[in-house]
Amino acid sequence: MIMKVICITNQTAFPNGEACVSRIILIGKALIKAGNSYTVVSACFNKNKFNKSAKGEHEGIKFYHSNILWERPKSIIIRYLFDVAGVINIARLLYLENEKDCIVYIYSHGTFFNLIIQVYSIIFRIKTIQEVNEWDYDVRKGLLKEWFYKNTMFKLSHGAIAISDQIAQNVRLYCRKDFCVIQVPILADSDKLKCKKPIYCNYKYGLWMGLVDGYIKDVEFIANGLIQSFKLNNPVKIFICGRFSNQSKQRIEHLLSENHVPLDSLVFKGYVSNVELLDLCTNASFFIAPLWKDQKSENRFPTKIATFMFCRKVVITSSIGEVTKYLSDKYNCLFIDPNDHEELARQMIWIENNNEKSLQIGTNAYKTALTFFDYNVYSQSLSSFFTKVNK
């Protein structure tokens, strides 16, 4: 049966935004490939300069933003008023889309917004599936978020897409008996990455991608590794891609200045276009994906790792959580101890000085990604899962 899937999110604008945009797109492309229709509805104000329209079509995916005012207003009061109007618009959408073959895919982790969409879906008799790629209420000290995870997300919905085995196990602790769970790991768009060739670059660099303010601990760790590389007389260069505040940038620049490291050694790129991001990934010498000994890292699987591996370059990360299921030290990645910035520096320097061995690790990473992280691999299983949930 062909499904009409509506993805509803309040975590990112579309089609350009935070890291979660990639997963929303790739789950959609997998479902479309199996013959289903897929629409994205974003209740998030636009913060990305590369989004040009509040509605349209992107890579075969129809989308629109539920807020009447697309750009984010400065006034908090006006912002909340338009948020309410946007939520009401979603209710209208679900009322109009109330069909037997319609199902809602919710991308909103442990929020009141998530609960509202579930209530709407119950009223209009539409089944829902949760995206679950985070399990971090302890790290964020979010008692309300924890309550949503344990009492509403999986008791009112009908299924979940879990990014890791550990998250799938967690979901089963709090879901009802007839609840369905499918485990779909990190995904990448192999159609774009397989044909992308590196271009000449007269300097080497490493790359990190993410929301800087939300992952400031990661960026500080990378900055300390960079500082250590200068102390070892083997300086490296790092690009940081993703939205950042002036406060976060100044905090990192102050750290570099205190240790007499040139500020242009760590470059804040901010939001970049998809074309530029693909070029940056393709031409990087290595990628850094820090993990920590905490609830969030033990459950998550950094989504960007899949893209990095398809680029045939070395990923530096830690042996924590789901990554250990797919990655092996010195075979398809390099593991470091969490919070050991000196080891990070040594590994970055090793990559710069061992091209042949680094290339072999990157080649093995590509083979792993092609086997496990190509979105095309999950097209039929995802389609069957959505059909099963909607019976």
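Values quoted throughout were computed directly from the atomic coordinates according to the rules given, and no laboratory measurement underlies them. Remember, it's a predicted structure, so these values are computed and weren't measured experimentally. Positions of Cβ are generated from backbone atoms using ideal geometry, with glycine treated the same way; all protein chains shown enter the neighbour counts.
Counted by neighbouring Cβ atoms within 10 Å, the residues 325, 313 run from fewest to most as 325, 313.
Classify segment 224-288: rounded, prolate or oblate, from the alpha-carbon gyration tensor (a ≥ b ≥ c, eigenvalue square roots; a/c under 1.5 rounded; otherwise prolate if a/b is larger than b/c)?
Since a/c reaches 1.5 but b/c is at least a/b, the shape of segment 224-288 is classed as oblate.
For the chain, the residue among 61, 15, 301 whose Cα projects farthest onto the positive side of the dipole built from Cβ charges is 61. Taking other residues whose beta carbon is less than 12 angstrom from the beta carbon of residue 41, and scoring Lys, Arg as +1 and Asp, Glu as -1, yields +2. Phi angles across segment 315-331 convert, under the Karplus curve 6.51 cos²θ - 1.76 cosθ + 1.60 with θ = phi - 60°, into 3J(HN,Hα) values of 9, 9, 8, 10, 7, 9, x, 5, 4, 5, 6, 10, 10, 10, 4, 6, 9 Hz, Gly and Pro given as x. Rounded to the nearest 20, the Cβ-based charge dipole of the chain about its Cα centre (Lys and Arg +1, Asp and Glu -1) stands at 940 debye. Among the GluC sites (Glu not before Pro) found in segment 6-110, those both in a DSSP coil and sparsely packed, with 12 or fewer other Cβ atoms within 10 Å of their Cβ, are 99. For residue 351, neighbours were defined as the other residues whose beta-carbon sits under 12 Å from its Cβ, and their charges (Lys and Arg +1, Asp and Glu -1) total +3.
Show that you can apply the helix-only estimate: for the chain, add -39,500 (n - 2.57) for every DSSP H stretch of four or more residues, divide by all residues, and state [θ] at 222 nm to the nearest 500. Provide the component values of the computation, followed by the final result.
Numbers: 15 runs with 167 residues, N = 391.
So the helix-based figure for the chain works out to -13000 deg cm²/dmol.
Against the main long axis of the alpha-carbon atoms of the chain, helix 165-174 sits at an angle near 30°. Just check segment 79-179 against the gyration tensor rule for me: Cα atoms, a ≥ b ≥ c as the square roots of the eigenvalues, rounded for a/c under 1.5, and otherwise prolate or oblate depending on whether a/b exceeds b/c. The shape class here is oblate. Taking Cα atoms only, the orientation of helix 216-231 departs from the longest principal axis of the chain by about 10 degrees.
Computed extension gain for residue 68 through residue 328, at 0.36 nm per residue and net of the alpha carbon distance, reaches 88.8 nm. Among the trypsin sites (Lys or Arg not before Pro) found in segment 149-191, those both in a DSSP coil and sparsely packed, with 14 or fewer other Cβ atoms within 10 Å of their Cβ, are 155, 176, 177.
Within 10 Å of each residue's Cβ, count the other Cβ atoms and sort 311, 281 from fewest upward. Working shown, then result.
Details: 311 24, 281 21.
Listed from fewest to most nearby Cβ atoms, that is 281, 311.
Using R0 = 35 Å, the C-beta based FRET efficiency linking residue 50 and residue 78 works out to 0.90.
Taking a ≥ b ≥ c as the square roots of the eigenvalues of the Cα gyration tensor, an a/c ratio of 1.5 or more together with a/b no larger than b/c marks segment 38-129 as oblate. The angle between the Cα long axis of helix 246-258 and the longest principal axis of the Cα atoms of the chain comes to about 20 degrees, rounded to the nearest 10. Among the lysines of segment 40-141, pairs at least eight places apart or on separate chains and with Cα atoms under 17 Å apart come to 5. Compared with the alpha-carbon gap, the fully stretched path from residue 234 to residue 173 is longer by 17.1 nm at 0.36 nm per residue. Within segment 143-157, find all residues whose amide N lies under 15 Å from a label point positioned 7 Å from the Cα of residue 112 along Cα-to-beta-carbon. Of the residues in segment 143-157, 143-148 have backbone N under 15 Å from the label point off residue 112. Exposure proxy shown here: for 255, 359, 143, the number of other Cβ atoms within 10 Å sets the order, fewest to most, as 143, 359, 255. Between segment 5-29 and segment 214-242, how many Å separate their Cα centres? Taking the Cα centre of each part, segment 5-29 and segment 214-242 sit 29 Å apart. When you count the other C-beta atoms within 10 angstrom of each residue and take the mean per peptide, 79-92, 4-17, 26-39 line up highest first as 4-17, 26-39, 79-92.
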